[in-house]
Amino acid sequence: MLSKNDEDFIRYWQKNRGKEKKLLRQLFIGLPLGLLIAGGVVLSLDLGWYSRANMVANTQMNPYVLLIAVIGIAVFTAIFYKKYKWDMNEQHYKELLYKKQQADQHAGAAN
């Protein structure tokens, strides 16, 4: 028998799984996390804690390359994080459906 929480998750995921899989939705919802990680990269470069990397960055780095890299990191992280979360929810959903099916079969066999 499934708990109320599991039943609620099954109903929620049946209703929202298609909407959660859309690429733009994944991008916009995951973007704050992506920007946070990209901001950490920029902060790391700005603080200059690794002096040799800081010297190389100041002499050879094009600011447009840095901007493109930061945007790329933010977008990749946002999409990857939300796709991973969607896959985990989908796996949990399938496991709960299997568990529910097994419980129904055992209840039917007992009657």
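Computed from the coordinates by the stated procedures, all read-outs in this text should not be read as laboratory data. Treat the numbers as computed from the prediction; the structure is a model and nothing was measured. Every residue, glycine as well, gets a Cβ built from its backbone with ideal geometry; the counts of neighbours run over all protein chains shown.
Restricting to segment 44-59, count the residues that are among the small types (Gly, Ala, Ser), in a helix (DSSP H, G or I) and surrounded by 11 or more Cβ atoms within 10 Å (Cβ to Cβ).
3
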**Request:** Would you tally the residues in segment 1-17 being in contact (Cβ under 8 Å) with a residue 60 or more places away in the chain and assigned to a loop (DSSP other than H, G, I, E, B)?
**Result:** 2
**Request:** Tell me which residues, restricted to segment 60-111, are polar (S, T, N, Q), under 29 Å from Lys19 (Cα atoms) and either exposed (fewer than 13 other Cβ atoms within 10 Å of the Cβ) or in contact with a Ser or Thr (Cβ under 7 Å, 6 or more places away or on another chain) (or both).
**Result:** Gln91, Gln101, Gln102
**Asked** Given Val70, Val41, Val65, which one is assigned to a helix (DSSP H, G or I) and without any contact (Cβ under 8 Å) to a residue 12 or more places away in the chain?
**Response** Val65
**Message:** If I filter segment 8-24 for residues that are farther than 23 Å from Glu95 by Cα and exposed (fewer than 14 other Cβ atoms within 10 Å of the Cβ), do I get at least one hit?
**Reply:** yes
